[in-house]
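Readers should treat all values here as calculations from the given coordinates under stated rules, not as data from a laboratory. Quick caveat: nothing in here was measured; it's all calculated off a predicted structure. We place every Cβ from the backbone using ideal geometry, glycine too, and count neighbours over all the protein chains shown.
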Amino acid sequence: MNQQILNLDALKARFPLIEKLQSEQYVFWENENVAKDSQVSKQVTLDMIQDAENRLKRFSSYIKVAFPITKFSDGIIESELKEIASMKKLIEGRRGFNIPGKLMLKCDHALPIAGSIKARGGIYEVLSHAEKLAIDAGMITEQDDYANFHSEEFRKFFSQYKVAVGSTGNLGLSIGIISAKLGFQVTVHMSIEAKEWKKELLREKGVEVIEYESDYTSAVENGRQVAELDPSCHFVDDENSIDLFLGYSVAGLRLKEQLQQAKITVDANHPLFVYLPCGVGGAPGGIAYTLKQIYGEYIHIFFAEPFASPCMLLGLMTGMHDKISVNDIGLSNRTEADGLAVGRPSRFVGTLMESVISGCYTVDDSFLFRSLKGMFETENIFMEPSAHAGVYGPIELMMQGTSYIEKHGLTDKMENATHIIWSTGGDLVPEELRQQYLQTEI
Ligand SMILES: *Cc1c(COP(=O)(O)O)cnc(C)c1O
């Protein structure tokens, strides 16, 4: 990383919102550079996304036998899109204003196998790596039945190879579970936020867990350095991996189908709003990228971050991406939203997002727990704290985002709007911890 001395005073003069971020208030940042039409970069084309979808289809016969829970969806790892009218009523009652349009939840907290949004990108990248190794070794062709991957022969073959990753928890879970299942030797470098149960679960599955006293960025950096010394090791690079991004981006294609099935129109008179919790940026970025290509000017995408970790907001607003961290402006990066506790965003993703997302907002940890309880009581849905950052989206839009609505000529179309809160994790959280979360008031 280039060393550069950050002139904070000069930066604050250019970007007055930094002062607001420093004082940990609700911040709404509108991206002036968002494009109307779809934005395609040569780095990630629609063909590449379609290719990723095809690869996941090839692997569905493997997934189905290796993880029988997925037999209901024929080995496709997907989640429901669901209206949450009772939660909407609760929010409206508490806030004293209406949220015009329909409120829906994309239920990635319930994605099979890894119980979080990381089941998309993480599993995809490991499968893609495994496919490459097996094809190069002449063990399989794309025309064969991939259920063969679920065999002693393949496990023995993969046991010569290693996979490693740095994580705040959920990516480690996803990579650890799928890699161990295929037979790889796998190491997860866990940052300080990582919850104990996630480490225990991985160790039970034979995964090597290395714990750090430091934050996510340095856990990733350490993991990357160790992996680079070993040619048999594939490092899943959460900050830079195109495969990981492609695995996430497939969700956009699937959402399009789900919206069609639910007979939800997205056009000039029916705007679509999507709210995604953001850590380093890969998961929300991949999804946003595909959705923007599909829906262009009719979609409005916002990323949500905790008060203590608004790294994507800071990176995009200043254009500095990974050259600035939340610590540089005096924030702690300590939040109960462990999946979002990232101080420095991905430059790769941030650059792609410059013209794709409509903005970012920040949310208080105390909201996450109120929302966790509310969602459980009204909809009987359990989502981990990080996943609730998206729930604040429609509220923020009606509070600090009204100028966005006006500027985009949406005022008289809001009754036709669809709001999708993208839930991101929760299904694997142990019962005891769920109870603890449900009783947390901060
Ligand atoms: C990882 C994660 C996110 C954000 O994904 P990034 O790729 O880090 O931006 C959001 N919610 C949960 C629960 C996560 O685990």
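What aspartates and glutamates sit close enough to residue 256 to cross-link, taking a C-alpha to C-alpha distance under 18 Å and skipping anything fewer than 8 places away on the same chain?
37, 47, 51, 53, 78, 80, 83, 108, 267, 297
Specify the residue with the greatest mean-square fluctuation among 417, 341, 262, computed from a Gaussian network of the chain linking alpha-carbon atoms under 10 Å apart.
Ranking 417, 341, 262 by mean-square fluctuation puts 262 first.
For residue 205 and residue 327, what is the calculated FRET efficiency with R₀ set at 30 Å and r taken between the beta-carbons, to the nearest 0.05?
Values: r = 33 Å, r/R0 = 1.11.
Here the calculated transfer efficiency is 0.35.
With the Cα gyration tensor of the stretch 117-243 giving a ≥ b ≥ c as the square roots of its eigenvalues, does the rule (a/c under 1.5 for rounded; else a/b larger than b/c for prolate; else oblate) give rounded, prolate or oblate? Let's see the in-between values first.
Details: a/c = 2.00, a/b = 1.75, b/c = 1.14.
It comes out prolate by the Cα gyration axes.
If each residue of separation counts as 0.36 nm, what is the full-extension length gain between residue 412 and residue 242 once their alpha-carbon separation is subtracted? Write down the numbers at each step before the final one.
Working: separation 170, 0.36 × 170 = 61.20 nm, distance 3.93 nm.
Using 0.36 nm per residue and subtracting the Cα-Cα distance, I get 57.3 nm.
Provide, for q = 0.11, 0.20 Å⁻¹, the log10 of I(q)/I(0) from a solvent-free Debye sum over equal Cα point scatterers in the stretch 270-404.
Per q value, in the given order, log10 I(q)/I(0) is -0.37, -1.18.
So if I take the centroid of the Cα atoms in the stretch 1-42 and the same for the stretch 43-113, what is the distance between those two points in Å?
Cα centres, the stretch 1-42 to the stretch 43-113: 30 Å.
Restricting things to Cα coordinates, could you compute the convex hull volume per residue of the chain in Å³?
Working: hull volume 61.1 nm³, N = 442.
It comes to 138 Å³ per residue, whole-number rounded.
Which length gain, in nm to one decimal place, applies between residue 19 and residue 144 when the Cα-Cα distance is subtracted from 0.36 nm times their residue separation?
Working: separation 125, 0.36 × 125 = 45.00 nm, distance 5.78 nm.
So the extension gain works out to 39.2 nm.
Taking θ as phi - 60°, what are the ³J(HN,Hα) couplings along the stretch 336-353 by the Karplus curve (6.51, -1.76, 1.60), each to the nearest whole Hz, with x for Gly and Pro?
5, 7, 4, x, 10, 7, 10, x, 9, x, 6, 5, 3, 6, x, 4, 5, 7
Enumerate the calculated ³J(HN,Hα) couplings along the stretch 130-139 in order (Karplus 6.51 cos²θ - 1.76 cosθ + 1.60, θ = phi - 60°), each rounded to whole Hz, writing x wherever the residue is Gly or Pro.
4, 4, 4, 4, 5, 5, 4, 7, x, 8
Where the only charges are on Cβ atoms (+1 Lys, Arg; -1 Asp, Glu), what is the dipole of the stretch 320-423 about its Cα centre, to the nearest 20 debye?
280 debye
Using packing as a proxy for protection, rank 154-165, 404-415, 241-252 so that the peptide with the highest average count of other Cβ atoms within 10 Å comes first.
Values: 154-165: 19.6, 404-415: 14.0, 241-252: 25.6.
Ranked from most to least packed, the peptides come out as 241-252, 154-165, 404-415.
Which whole-number percent gives the relative contact order of the stretch 117-243, counting Cα pairs below 8 Å spaced six or more residues apart?
On the way: 196 pairs, mean separation 33.9, N = 127.
Reported relative contact order: 27 percent.
Along Cα→Cβ, 7 Å out, is where each label goes; now give me the distance between the ones at residue 152 and residue 6 in nm to one decimal.
5.6 nm
Take every Cα pair under 8 Å in the chain that's 6+ residues apart, average their separations, divide by the length, and report that relative contact order as a whole percent.
Numbers: 886 pairs, mean separation 97.2, N = 442.
Relative contact order of the chain: 22 percent.
Express in whole angstrom the spacing between the alpha-carbon centres of the stretch 361-431 and the stretch 214-248.
So the two Cα centres are separated by 30 Å.
So what are the ³J(HN,Hα) numbers for the stretch 52-57, from phi and the Karplus equation (6.51, -1.76, 1.60; θ = phi - 60°), rounded to whole Hz, Gly and Pro as x?
Calculated HN-Hα couplings, in order: 5, 4, 5, 4, 5, 5 Hz.
Taking the DSSP beta bridges in the chain as the whole, what percent of them are antiparallel, to the nearest 5?
Numbers: 9 of 44 bridges.
Approximately 20 percent, going by the DSSP bridge assignments.
Would you tally the net charge around residue 7, using a Cβ to Cβ cut-off of less than 14 Å, leaving residue 7 out, and scoring K and R as +1, D and E as -1?
Working: positive: 12, 14, 323; negative: 9, 328.
Net charge in that neighbourhood comes out at +1.
Considering amide H positions built from the backbone, and no H for Pro or chain starts, which residues 5 or more places from residue 186, or on another chain, come under 5 Å of its amide H?
Amide H to amide H, under 5 Å and 5 or more residues apart or across chains, residue 186 pairs with 163, 208.
With each run of n ≥ 4 DSSP H residues scored as -39500 (n - 2.57), what mean residue ellipticity at 222 nm is computed for the chain after dividing by its residue count and rounding to the nearest 500 deg cm²/dmol?
Numbers: 17 runs with 193 residues, N = 442.
After summing the helix terms and dividing by residue count, I get -13500 deg cm²/dmol.
What distance in nm separates the simple spin-label points at residue 334 and residue 82, each placed 7 Å from Cα in the Cβ direction?
Rounded to a tenth, the inter-label distance reads 3.5 nm.
Label-point separation (nm) for residue 261 and residue 218, each offset 7 Å from Cα along Cα-to-Cβ?
Calculated label separation equals 4.6 nm.
Once you charge only the Cβ atoms, +1 for Lys and Arg and -1 for Asp and Glu, what is the size of the charge dipole of the stretch 87-220 about its Cα centre, to the nearest 20 debye?
So the dipole magnitude of the stretch 87-220 works out to roughly 860 debye.
What pairs in 118/195; 82/263; 132/162; 132/199; 195/373; 88/263 have C-alpha atoms more than 24 Å from each other? Before the final figure, lay out the partial values.
Numbers: 118/195 16 Å; 82/263 13 Å; 132/162 14 Å; 132/199 29 Å; 195/373 20 Å; 88/263 20 Å.
Too far apart for the 24 Å limit: 132/199.
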